[in-house]
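The values are calculated or read from the model by the stated rules, or taken from the named source; none is laboratory data. Everything numeric in this text was worked out from a predicted model, so none of it was measured. Every residue, glycine as well, gets a Cβ built from its backbone with ideal geometry; the counts of neighbours run over all protein chains shown.
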Amino acid sequence: MEKTETAAVFTAHNIRLDDGTYTMPDSPHSMVDLSWFKSSRGLLETVFPGDKSQFRLADVGCLEGGYAVEFARMGFQVLGIEVRDLNIAACNYVKSKVDLPRLEFVQDNALNIADHGLFDVVFCCGLFYHLERPKEYLHTLSAVTKKLLILQTNFALVSRRDRIFRVSTGLPWLADRLLRRQVKTRFILSAPAENEGLGGRWFTEFPTKGSFAKRDSNRWASWDNRKSFWVQREHLLQAMHDAGFDLVMEQFDNLKPTIAENLLGRRYQTDLRGTFIGIKTG
């Protein structure tokens with residue numbers, strides 16, 4: 001891939017610019033190669049076939065703007081919302097290098113999405129599991145979403161044994177490492193807990209006040225809170241329905257071509273990551 005000259009630093013989104021260069025030329029894959037984008041594109045084409053120029057899409061916590069760019073290339077009116085200085089600088093750089101008049105970026109806290117109007121689609125990827133009050137934010141998203149919510153997020157799994165013995169994921173993680181076994185999960189999460197009436201586990205974003213004070217440079221972490229709540233998968237589906245999405249489902253085609261292997265071979269349980277879809281059918 002041809003390199004682009006840029007003062008902006010990209011950590012995740014390898015975006016093709018109009019001159020044929022890429023924002024992360026050493027990466028073997030561009031945004032359009034990512035399974036999460038492919039599955040989202042397929043869903044969007046199904047729900048919004050044909051001309052998309054009249055539909056608004058919000059990309060909340062858009063990081064470096066890669067998904068927002070590709071959705072704008074599909075024809076949507078796209079607003080990318082990003083709070084961090086380094087990330088919005090990357091977004092604005094990309095904006096200056098692509099001819100996409102329907103693409104806009106704004107520097108704002110994703111919690112303030114209601115200040116930016118209503119949207120036919122809300123794309124929430126890599127943000128939801130960084131929140132301390134995810135249920136409250138689901139209701140915020142529902143209030144501004146006219147049709148479709150794509151929620152790409154980490155979640156928690158809680159077994160019956162976990163509930164009985166109140167065990168964090170740290171102990172089995174350490175045991176697996178010491179015994180050189182495949183770890184059951186990559187994340188250190190709290191014992192099963194309840195937050196906003198939902199089951200799940202807590203995740204530490206910033207262990208100290210000092211690290212939290214430097215959060216602007218930690219581009220993949222939370223913004224308002226030092227710990228976040230990962231909602232138990234089953235409770236997340238229920239919470240989406242309760243928030244006003246009458247059609248709720250989980251999308252698995254981003255695991256292809258080996259969907260069964262990924263689900264049965266524990267990658268799904270190890271990564272604790274899924275795509276949850278909410279649709280308002282009325």
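General remarks:
- In region 130-168, the residue that is surrounded by the fewest Cβ atoms within 10 Å (Cβ to Cβ) out of those that are β-branched (V, I, T) and assigned to a helix (DSSP H, G or I) is I164.
- Restricting region 243-282 to residues that are among the small types (G, A, S) and within 27 Å of F119 (Cβ to Cβ), the residue that is farthest from the chain's Cα centre (by Cα) is G282.
- All conditions but one from (1) surrounded by fewer than 23 Cβ atoms within 10 Å (Cβ to Cβ); (2) in contact with a strand residue (DSSP E or B) (Cβ under 6 Å, 6 or more places away or on another chain); (3) within 20 Å of W220 (Cβ to Cβ) apply to D120; the one that does not is (3).
- Candidate set: region 123-172, residues that are at pLDDT below 95 and hydrophobic (A, V, I, L, M, F, W, C); chosen: the one farthest from D242 (Cα to Cα): L171
To keep it simple, each residue is scored yes or no on (1) surrounded by fewer than 18 Cβ atoms within 10 Å (Cβ to Cβ); (2) of a type in the set (D, E).
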{"position": "R201", "(1), (2)": "no, no"}
{"position": "T204", "(1), (2)": "yes, no"}
{"position": "S217", "(1), (2)": "yes, no"}
{"position": "W220", "(1), (2)": "yes, no"}
{"position": "Q232", "(1), (2)": "no, no"}
{"position": "Q238", "(1), (2)": "yes, no"}
{"position": "F245", "(1), (2)": "no, no"}
{"position": "E261", "(1), (2)": "yes, yes"}
{"position": "R266", "(1), (2)": "yes, no"}
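- Of the residues making up region 238-282, those that are assigned to a loop (DSSP other than H, G, I, E, B) and of a type outside the set (S, T, N, Q) are A243, G244, F245, D246, F252, K256, P257, G265, R266, L272, K280, G282.
- Count of residues meeting criterion [among the basic types (K, R) and not in a helix (DSSP H, G or I)] in region 187-237: 5
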